[in-house]
1. Take Thr29, Thr188 and order them by how many other Cβ atoms sit within 10 Å, fewest up front.
2. At each listed q (0.23 Å⁻¹), what is the log10 of I(q)/I(0) that the Debye formula gives for segment 124-164 modelled as equal alpha-carbon point scatterers?
3. Please list, in order, the residues from segment 161-205 whose amide nitrogen is less than 18 Å from a point placed 7 Å along the Cα→Cβ vector of Asp124.
4. Evaluate E = 1/(1 + (r/R0)^6) for Leu37 and His13, where r is the Cβ-Cβ distance and R0 equals 30 Å; express this FRET efficiency to the nearest 0.05.
5. Can you tell me the Rg and the Dmax, both Å, for the Cα atoms in segment 1-102?
6. Do any GluC sites (Glu not before Pro) in segment 140-200 lie in a loop, going by DSSP, with at most 16 other beta-carbon atoms within 10 Å of their beta carbon, and if so which?
7. Mark the label point 7 Å from the Cα of Thr192 along Cα→Cβ and return the residues of segment 75-117 whose backbone N is within less than 19 Å of it.
8. Give, rounded to the nearest 20 debye, the magnitude of the charge dipole that segment 78-205 has about its Cα centre when Lys and Arg contribute +1 at Cβ and Asp and Glu contribute -1 at Cβ.
Amino acid sequence: MSDKKQHWETIYHTKEPHEVSWTQAYPTTAITYISDLNLPLDAAIIDIGGGDSNLVDALLEKGFTNIWVLDISATALERAKNRLGANAELVHWIVSDITEFKPSVQFDFWHDRAVFHFLTTEEDINKYIAIAHHALNENGQTLLGTFSNNGPLKCSGLEIKQYSETAMKTTFIKDFEVVKCFTENHITPFNTVQQFQFCGFKKRK
């Protein structure tokens with residue numbers, strides 16, 4: 001087991017949702033963005049680093065039928081499955097490091113809230129972008145959220161790479177067209193504030 005995978009398995013073995021900073025009671029930002037795209041209910045949607053996030057629950061409630069959740073931690077995904085009960089069978093679950101992900105299908109929408117910023121080397125960043133570009137169909141879109149320049153420098157004890165709107169656009173511009181960028185303050189379960197930089201992109205053909 002890699003050190004990175006071991007780190008996240010330990011986090012999910014020892015921490016409950018109210019004890020980790022990224023927990024959202026409801027993923028309003030993602031659901032609003034997805035709703036505005038007017039995707040068909042059979043659109044292939046993947047949540048990168050979905051862990052035991054509530055996004056999958058919200059997508060099922062909206063009637064989406066082709067949902068994929070990827071996380072490096074098998075423990076995180078098992079927690080989500082246990083929470084969903086029988087509905088877990090309606091979801092495709094993938095245990096993988098994002099930089100090693102080999103998609104078996106093409107997706108219509110790629111969501112990532114707080115995975116990309118853990119990639120701090122040029123090699124891993126380039127791998128991620130290439131995988132995302134390959135994984136999306138010709139009209140595929142993404143929503144990526146990272147810590148902004150006013151956000152934290154670490155998460156769960158790991159260094160992260162902050163992004164401004166300009167830096168995010170510059171990083172993805174070769175393979176993706178910019179649709180929309182915005183910042184958002186996330187209130188953690190312990191009532192602290194983390195500023196996120198979000199950017200939505202569309203795959204370049």
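No lab work stands behind these numbers, since they all come straight from the coordinates. These numbers come from a predicted model, not from an experiment. Cβ coordinates were reconstructed from backbone atoms using ideal geometry, including for glycine residues, and neighbour counts include every protein chain displayed.
1. Numbers: Thr29 19, Thr188 15.
The order, fewest Cβ neighbours first, is Thr188, Thr29.
2. -0.87
3. Only 161-164, 168, 171-172 fall inside the zone, counting backbone N under 18 Å.
4. On the way: r = 36 Å, r/R0 = 1.19.
The value I calculate is 0.25.
5. So, for segment 1-102, Rg and Dmax equal 13.6, 40 Å respectively.
6. Values: sites: Glu159, Glu165, Glu177, Glu184; in loops: none.
Filter output for segment 140-200: empty list.
7. 114-115, 117
8. Working: 15 positive and 15 negative charges, 45 e Å.
Its charge dipole is roughly 220 debye.
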